[in-house]
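Engineer: Okay, here's the structure, questions in a sec.
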Amino acid sequence: MAPRVLPWSSEVRLEGKGSGRVMLLSGFGSGPETLRPLGEALRDAVGATVLLAALPRHTGDRAAFVRSRAWHYVAEAEAGFLRFAAESDERVVLGGYSTGALVALVLAARHPARVAGLVLASPALRLSRTDRTLVAYTVGSLYYVGLPLALLGGLAAAAWGGRERGWTRHRRLLQAFGVTAIAASAAAGLRALSVPLRVGGPILTPEGEEVLPPHFTRASLLTGSSLLPLQLVARWRLRRIALPACLVFGELDDVVDVRFGTVRAAQAPRGEFHVVPDAPHRVVTTAGCHTVVAGFVRRTLAGEPAAGADDAAAGPAAEAAPA
């Protein structure tokens, strides 16, 4: 019998019995159910209240997801974070998974007084495949730069040509309409381009039932292209942020560049990094990640110093970055 696919939700709230507050943002194309095992581990091990939030426009509406862009994620997630932070005087441990980790890093840099520390699981600082990055750069440059410049150039050429040839005003308007229609058709074609997203992932077994978290099956290339500036901003912020930060990668991650991520983590003023052996991109579903993150959150809430990548507190899950 196939595992049941869980319904979409905007957030999952896990009330802890102790102090401490944690907010985690889900990854691109998925919902907060992907983070539930990590959230439950934090609630049980630390006693913290944990809010698992979907990235904006990741609640099951495919049309809204396709139209979403990175700036929507930052602006709308910021509003949700500020609402959660306003519930208590305690500072929040903020984090996320994959693209959600990048958004969390940007929000922490914008509101450092409200954040106690950062948890970045499989942060998509750079993708493992160069061809995907090149395609995204090409599509984004063509849509956001190339087409507007081509439209302006075409309208200018039509106006100049019509003036030189003595065209009537009506004919010049028809020429301008034709140029605009061509540009609009090209823009619509680019908006319609999509790529498949990896579906499935580790099967979860809450209360013994096999389930799969919901996930979109395709994404707009334009949405993907808008994530590249977010990656650049996140890299810049990571090197300058003064908050304690814990970066966790899966050794077998074939989505993000783990070597690049660990090098960047080592450059963070108060950063620590961990690589979980034999773990995939969805490292948030593994026990090794739960141990590392719970230890970091416990130390951060207690005001203790950060641990190194080979610190005993991290347990056997922490190893050096793979070659």
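The values are calculated or read from the model by the stated rules, or taken from the named source; none is laboratory data. Only a predicted model underlies this, so the values are computations on that prediction, with no experimental measurement involved. Here the Cβ positions follow ideal geometry from the backbone for every residue, glycine too, while neighbour counts run over all protein chains shown.
Engineer: Cβ-Cβ below 6 Å, separation at least six or inter-chain, first residue in segment 281-292 and touching a residue at least 12 places away in the same chain (Cβ under 8 Å), second surrounded by 23 or more Cβ atoms within 10 Å (Cβ to Cβ) and in a loop (DSSP other than H, G, I, E, B): which pairs?
Structural biologist: Close Cβ pairs satisfying both conditions: HIS281/SER122; VAL283/SER122; THR286/ALA279.
Engineer: Across segment 279-299, what is the total count of residues that are hydroxyl-bearing (Ser, Thr, Tyr) and at pLDDT below 95?
Structural biologist: Qualifying residue count for the region: 2.
Engineer: A further question on this structure: Taking the condition of being surrounded by 15 or more Cβ atoms within 10 Å (Cβ to Cβ) and free of Cβ contacts under 8 Å to residues at least 40 places away in the same chain, how many residues in segment 122-143 meet it?
Structural biologist: Within segment 122-143, residues that are surrounded by 15 or more Cβ atoms within 10 Å (Cβ to Cβ) and free of Cβ contacts under 8 Å to residues at least 40 places away in the same chain number 0.
Engineer: Please tell me if ARG172 is within 28 Å of ALA53 (Cα to Cα), in contact with a Lys or Arg (Cβ under 9 Å, 6 or more places away or on another chain) and not hydroxyl-bearing (Ser, Thr, Tyr).
Structural biologist: no
Engineer: Limited to segment 29-46, what total is found for residues that are at pLDDT 95 or above and either basic (Lys, Arg) or outside any helix (DSSP H, G or I) (or both)?
Structural biologist: 1
Engineer: Still on this structure, I have one more. Can you run down the residue pairs with Cβ atoms below 8 Å, 6 or more apart or on separate chains, where the first is in segment 38-61 and of a type in the set (S, T, N, Q) and the partner is assigned to a loop (DSSP other than H, G, I, E, B) and buried (at least 24 other Cβ atoms within 10 Å of the Cβ)?
Structural biologist: THR59/GLY31
Engineer: In segment 200-256, what residues are of a type in the set (D, E, K, R) and either outside the structural domain of VAL74 (by TED's automatic domain parsing) or assigned to a loop (DSSP other than H, G, I, E, B) (or both)?
Structural biologist: Result: GLU209, GLU210, ARG239, ARG240, GLU251, ASP253, ASP254.
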